[in-house]
Amino acid sequence: MFIGHFAAGFAAKRVAPRVSLAVLFLAAQLADVLWPIFVAIGLESVRIAPGITAVTPLDFVSYPYSHSLVALSIYAVAFGAVCWWLLGDLTASVVVAALVISHWVLDFVSHRPDMPIYPGGPRYGLSLWNSLPATVLVEIAMFAAGVWLYAKTTRARDTIGRWSFVGLVLFLLIAYGGNLAGGPPPSIAAIYWIGILGSVLILWWSWWTDRHRATVSPPD
């Protein structure tokens, strides 16, 4: 998934209003933030294989340290502990930990059977990516729900808060559309550089947007 993970981050603001949207995005996307770095240093590997699924031309050959359920569970505990230490908020800690784990769950639904349980262990996947229409329907529905929840939970403090939010949502949708419509990437290096730089941009943008917005109601 792509915007499905951001949908989870947007929606989580409803139950963890004290946590910056950037932190919620980082938790939901932690696997994909680590993955291009691990590919770049040779710890994990990917292959460009056009036609391997209807949605992506990437064959995720090996990514046990960024995407296995056990690795993400360890990251989730660490992320939740740091959140508890900084905020003293049990709900926020549980939410960010759950977001880290949610990445495996959502990828399990969308990926081929390539999602590892632990390094060297069995792999699973429900292969939603074998159907482009089904993938788009599921992700767009999730994204719309997440954006709606975030918009209901926060309000713009100023013009930046209003238009930066609109711009962020549009940017994510355009990036998603470009990813679906574009051809295979030209090289492995292009994959990991786009991944690294894209993560930095989106995390900065979400932090900037969120600090210009205020929570309007506590979670139900």
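Of the residues examined, A7 is one that is surrounded by 24 or more Cβ atoms within 10 Å (Cβ to Cβ) and of a type in the set (A, V, I, L, M, F, W, C). Residues considered: A151, A189. Of these, the only one that is small (G, A, S) and more than 19 Å from the chain's Cα centre (by Cα) is A189. Selection over the range 10-30 of residues that are surrounded by fewer than 21 Cβ atoms within 10 Å (Cβ to Cβ), touching a Phe, Trp or Tyr at 6+ places or on another chain (Cβ under 8 Å) and either farther than 21 Å from W84 by Cβ or of a type outside the set (A, V, I, L, M, F, W, C) (or both) gives a count of 2. Cβ separations smaller than 6 Å between residues 6+ apart or across chains give the following pairs from the range 80-103 residues that are free of Cβ contacts under 8 Å to residues at least 40 places away in the same chain and more than 17 Å from A31 (Cβ to Cβ) to residues that are of a type outside the set (S, T, N, Q) and assigned to a helix (DSSP H, G or I): S93/G80; S93/C83; S93/W84. Taken over the range 81-113, residues that are surrounded by 19 or more Cβ atoms within 10 Å (Cβ to Cβ) and more than 17 Å from the chain's Cα centre (by Cα) amount to 3. Every residue in the range 174-214 that is at pLDDT 95 or above and either on the phi > 0 side of the Ramachandran plot or polar (S, T, N, Q) (or both), please. Selection gives S187, S199, S206, T209.
Cβ-Cβ contacts under 6 Å between residues 6 or more apart (or on different chains), taken from a first residue in the range 167-178 that is surrounded by 14 or more Cβ atoms within 10 Å (Cβ to Cβ) and in a helix (DSSP H, G or I) to a second residue that is among the hydroxyl-bearing types (S, T, Y) and at pLDDT 95 or above, are listed as L168/T209.
Applying the condition of being more than 20 Å from S73 (Cβ to Cβ) and of a type in the set (V, I, T) to the range 31-41 and asking which residue is surrounded by the fewest Cβ atoms within 10 Å (Cβ to Cβ) yields I41.
Among the residues of the range 118-129, is there at least one that is among the basic types (K, R), without any contact (Cβ under 8 Å) to a residue 60 or more places away in the chain and either surrounded by 14 or more Cβ atoms within 10 Å (Cβ to Cβ) or at positive phi (or both)? Checked against the condition, which is being among the basic types (K, R), without any contact (Cβ under 8 Å) to a residue 60 or more places away in the chain and either surrounded by 14 or more Cβ atoms within 10 Å (Cβ to Cβ) or at positive phi (or both), the range 118-129 yields at least one hit. If you go through the range 60-103, how many residues are hydroxyl-bearing (S, T, Y) and in contact with a Phe, Trp or Tyr (Cβ under 8 Å, 6 or more places away or on another chain)? Residues that pass the stated criteria total 5. Note on the range 105-117: residues that are under 23 Å from G51 (Cα atoms) and either aromatic (F, W, Y) or free of Cβ contacts under 8 Å to residues at least 12 places away in the same chain (or both) amount to 1.
Return the residues of the range 12-60 that are part of a loop (DSSP other than H, G, I, E, B), of a type in the set (D, E, K, R) and within 18 Å of I194 (Cα to Cα); say none if nothing qualifies. Within the range 12-60, E44 is the sole residue that qualifies.
Anything in the range 131-143 that is part of a helix (DSSP H, G or I) and touching a residue at least 40 places away in the same chain (Cβ under 8 Å)? List them, or say none.
Across the range 131-143, the qualifying residues are L132, T135, V136, V138, E139, I140, M142, F143.
Inspection of the range 180-194 identifies no residue that is within 17 Å of A27 (Cβ to Cβ), buried (at least 17 other Cβ atoms within 10 Å of the Cβ) and either touching a helix residue (DSSP H, G or I) at 6+ places or on another chain (Cβ under 7 Å) or without any contact (Cβ under 8 Å) to a residue 40 or more places away in the chain (or both).
The values are calculated or read from the model by the stated rules, or taken from the named source; none is laboratory data. It should be emphasised that the depicted structure is a prediction, and the values quoted were computed from it without experimental measurement. No Cβ is skipped: glycine too gets one built from the backbone with ideal geometry, and neighbour counts run over all protein chains shown.
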